[in-house]
Amino acid sequence: MPKRRKSGLNFGKQKKKINMTVVKEILTWAAEILLAVLTAYTLVYFVGLRTSVVGQSMAETLNGGDEILVNRFIYKVTNPRPNDIVVFLPNGNEKSHYYVKRVIATPGDVVLIENGTVYVNGDEFPEEIQAASIEDAGLAGEELVLGADEYFVLGDNRNNSEDSRYANIGNIKKEHIIGKAWFCVSPWSELGFL
C-alpha cells in the first residue's frame, strides 16, 4: 500500500548532505597541484633561465652556441665574487644579447693590466683557467678603481673578447647583472656544472 503524505504539498528543498571525504580529497589535490606549479615556476624563474653563449670570448670554458642555465636568485642574496661567470646586459641595454664573462674584480678593487698580466689590488689575479697573456690592456692599461657597485669582467679568451677593458662595455653595474651561469646544458659533450 502506497505511503501518503501527512500534510499538504511540500515545495521546500531537501538539504543535500555534503560528503566531507570527497571535499577533503579535492582540496588536497588542488593544494598539491598549486604547490607543484609554484615550485616549478620558482625553479624555472630563478635558476632555470636558459641562454646561449654568443661568440668565442669564453673559449675554452664555453663556446659560441653553448646553452647555459643562469641562476637569477643568487645575486639577490649575495654579491658576485672573483672567478664567477656572470651573465649581464652591457650598460643595461635590453635590446642587446646577454654577455657571458668572468668576474675579475669587485667593488672598491683596483685593476691594472701590465705586461699581459692582470693585477687586482697590486697582486696578480689568481686565475682558475689557463689564460693567455693579454695583448691589449685597453682601459686597464692604467689603474682603474671600481665604484661601489661596479665589477670588472673579462672573457676567458682574453685576446678575443669584448669586455670591461673597452669603453663600450666598461665596468658592469650590479643592477645589470642578470645572474650567475652555473650549468651547461648543450651540447651534450659539455654537459655539466661550470
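The values are calculated or read from the model by the stated rules, or taken from the named source; none is laboratory data. Remember, it's a predicted structure, so these values are computed and weren't measured experimentally. Cβ: placed from backbone, ideal geometry, glycine included. Neighbour counts: every protein chain shown.
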Scanning the range 66-89 for residues that are under 12 Å from the mean Cα position of the chain (by Cα) and part of a strand (DSSP E or B), the one surrounded by the fewest Cβ atoms within 10 Å (Cβ to Cβ) turns out to be ASN71
Of all residues making up the range 157-190, the number that are out of contact with any strand residue (DSSP E or B) (no Cβ under 6 Å at 6 or more places or on another chain) and either on the phi > 0 side of the Ramachandran plot or not basic (Lys, Arg) (or both)
14
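Looking only at the range 37-51, count how many residues are out of contact with any Phe, Trp or Tyr (no Cβ under 8 Å at 6 or more places or on another chain) and either under 19 Å from TRP182 (Cα atoms) or modelled with pLDDT of 95 or more (or both).
At the first step, the residues of the range 37-51 found to be out of contact with any Phe, Trp or Tyr (no Cβ under 8 Å at 6 or more places or on another chain) are 37-45, 48-50.
Pick out the ones that are also either under 19 Å from TRP182 (Cα atoms) or modelled with pLDDT of 95 or more (or both) and you get 40-45, 48-50.
Counting residues in the range 37-51 that are out of contact with any Phe, Trp or Tyr (no Cβ under 8 Å at 6 or more places or on another chain) and either under 19 Å from TRP182 (Cα atoms) or modelled with pLDDT of 95 or more (or both) gives 9.
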When you go through ILE113, ILE74, ILE68, ILE104 one by one, which is the residue that is touching a strand residue (DSSP E or B) at 6+ places or on another chain (Cβ under 7 Å) and either of a type in the set (Lys, Arg) or within 22 Å of GLU135 (Cα to Cα) (or both)?
ILE104
For the range 37-65, give me each residue that is surrounded by 17 or more Cβ atoms within 10 Å (Cβ to Cβ), under 22 Å from SER164 (Cα atoms) and not polar (S, T, N, Q).
VAL53, GLY55, MET58, LEU62
Within the range 79-101, take every residue that is touching a Ser or Thr at 6+ places or on another chain (Cβ under 8 Å) and among the charged types (D, E, K, R) and give me the one that is farthest from GLY147 (Cα to Cα).
LYS101
Near pairs, Cβ below 8 angstrom, 6+ apart or cross-chain, from the range 98-113 (on the phi > 0 side of the Ramachandran plot) to any residue that is assigned to a strand (DSSP E or B) and modelled with pLDDT of 95 or more:
GLY108/VAL145
For residues that are among the polar types (S, T, N, Q) and surrounded by fewer than 22 Cβ atoms within 10 Å (Cβ to Cβ), scanning just the range 152-175, find the one that is farthest from VAL118 (Cα to Cα).
ASN168
